[in-house]
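K.L.:
Below are the structure tokens for one structure; questions will follow.
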Amino acid sequence: MARVGEELKKSRLEANMSMKQVAKKLGVSESFVNEVELGRRIVNEDLIKRFSKVFNKKVGTMGLGSLEESAQSESFERTKETIKKEVYVAPKTPVNELWNQAFGENIKNVPIFGYDMKNPLGHQSHVVEKKKIDGYPMDKVVMLKVENDDLKGYRIQKGDLVSGVEAKEIQGTQMMLLSYKGKNLLRKIRNLNNGNVELLTFNETQRSEIVPLKEVTILLKLYKVEIRL
């Protein structure tokens with residue numbers, strides 16, 4: 001833009017015209033002509049033609065042919081600079097820290113575990129509202145990847161993701177991850193209120209097992225399933 005402005009100024013001086021005279025012929029303000037010469041204003045195609053008539057020069061010989069291109073280029077560079085400033089660049093940090101940095105307390109990456117509840121298989125983002133996820137304390141919520149079809153009849157099958165929250169008690173009938181005889185199992189469990197619980201599976205047929213409550217350790221209460229399509 002500065003180069004084009006200089007060309008305009010040079011042509012004006014060669015024509016022995018003042019900015020005021022040029023402005024009058026163009027039908028613009030004197031300050032506008034000044035800003036064009038300084039490279040601060042973008043000139044449209046109509047004004048380019050009018051400049052040509054005033055100085056009796058063709059656009060090509062006056063150097064105005066690149067004016068719009070220069071303006072677009074300048075605008076594009078400004079846009080790139082804006083994008084550089086506004087776009088969030090992901091730092092090389094663990095997943096949880098990355099999301100926390102990007103969204104603060106509005107998003108939390110919840111770990112996805114296998115039944116052993118040891119090393120996370122991955123993470124999935126959840127919306128946090130008032131430090132809660134789905135109404136539960138955000139630090140108590142985890143996810144499980146279903147490992148078999150023991151609960152297929154209840155529409156929970158291998159590969160599905162289920163959300164759960166830490167629990168220690170059984171109230172009524174619930175879907176739970178529990179530990180029984182040294183194994184972690186996903187079961188529908190019913191408290192019989194007589195010192196025993198009923199463990200239910202449902203694949204092709206429903207099966208029931210009555211076991212002492214004291215032999216069962218509750219790990220998670222499940223409250224939501226994401227069905228695999």
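K.L.:
Among 116, 134, 150, which is the only one that is surrounded by fewer than 15 Cβ atoms within 10 Å (Cβ to Cβ), closer than 22 Å to residue 227 by Cβ and touching a residue at least 40 places away in the same chain (Cβ under 8 Å)? Reasoning before the result, please.
P.N.:
Details: 116 fails: closer than 22 Å to residue 227 by Cβ; 150 fails: surrounded by fewer than 15 Cβ atoms within 10 Å (Cβ to Cβ).
It is 134.
K.L.:
Sticking with this one: Being under 30 Å from residue 125 (Cβ atoms) and either at pLDDT 95 or above or under 37 Å from the mean Cα position of the chain (by Cα) (or both), is that true of even one residue in region 188-202? Even if it seems obvious, please write down each step before you answer.
P.N.:
Of all residues in region 188-202, those under 30 Å from residue 125 (Cβ atoms) come to 188-189.
Those left that are additionally either at pLDDT 95 or above or under 37 Å from the mean Cα position of the chain (by Cα) (or both): 188-189.
Yes, region 188-202 contains at least one residue that is under 30 Å from residue 125 (Cβ atoms) and either at pLDDT 95 or above or under 37 Å from the mean Cα position of the chain (by Cα) (or both).
K.L.:
For region 15-38, give me the residue count where each residue is touching a Gly at 6+ places or on another chain (Cβ under 9 Å) and buried (at least 17 other Cβ atoms within 10 Å of the Cβ).
P.N.:
Selection size over region 15-38: 2.
K.L.:
Every residue in region 135-151 that is touching a strand residue (DSSP E or B) at 6+ places or on another chain (Cβ under 7 Å) and of a type in the set (D, E, K, R), please. First the steps, then the outcome.
P.N.:
From region 135-151, those touching a strand residue (DSSP E or B) at 6+ places or on another chain (Cβ under 7 Å) are 136, 138, 140-146, 150-151; that's our starting set.
Those that are touching a strand residue (DSSP E or B) at 6+ places or on another chain (Cβ under 7 Å) and of a type in the set (D, E, K, R): 140, 145, 150.
K.L.:
Could you grab me the full set of residues in region 107-125 that are of a type outside the set (A, V, I, L, M, F, W, C) and modelled with pLDDT of 90 or more? Steps first, please.
P.N.:
Step one: list which residues in region 107-125 are of a type outside the set (A, V, I, L, M, F, W, C), which gives 108-109, 111, 114-116, 118-120, 122-125.
Selection gives 111, 114, 115, 116, 120, 122, 123, 124.
K.L.:
Could I ask something else about it? Answer yes if at least one residue in region 186-206 is closer than 23 Å to residue 132 by Cβ and in the same structural domain as residue 117 (by TED's automatic domain parsing), and no otherwise.
P.N.:
no
K.L.:
Mind telling me which of the residues 182, 172, 164 ends up being out of contact with any His (no Cβ under 6 Å at 6 or more places or on another chain), under 22 Å from residue 113 (Cα atoms), surrounded by fewer than 16 Cβ atoms within 10 Å (Cβ to Cβ) and not basic (Lys, Arg)? Step through it out loud before you land on a result.
P.N.:
Details: 172 fails: under 22 Å from residue 113 (Cα atoms); 164 fails: surrounded by fewer than 16 Cβ atoms within 10 Å (Cβ to Cβ).
Only one candidate passes the filter, namely 182.
K.L.:
Suppose we filter region 185-229 for residues that are buried (at least 18 other Cβ atoms within 10 Å of the Cβ) and either touching a residue at least 60 places away in the same chain (Cβ under 8 Å) or among the aliphatic types (A, V, I, L, M) (or both); how many remain?
P.N.:
Counting residues in region 185-229 that are buried (at least 18 other Cβ atoms within 10 Å of the Cβ) and either touching a residue at least 60 places away in the same chain (Cβ under 8 Å) or among the aliphatic types (A, V, I, L, M) (or both) gives 12.
The values are calculated or read from the model by the stated rules, or taken from the named source; none is laboratory data. The structure presented is a predicted model; accordingly, all values stated were derived computationally and were not measured. Every residue, glycine among them, receives a Cβ derived from its backbone with ideal geometry; neighbour counts consider all protein chains shown.
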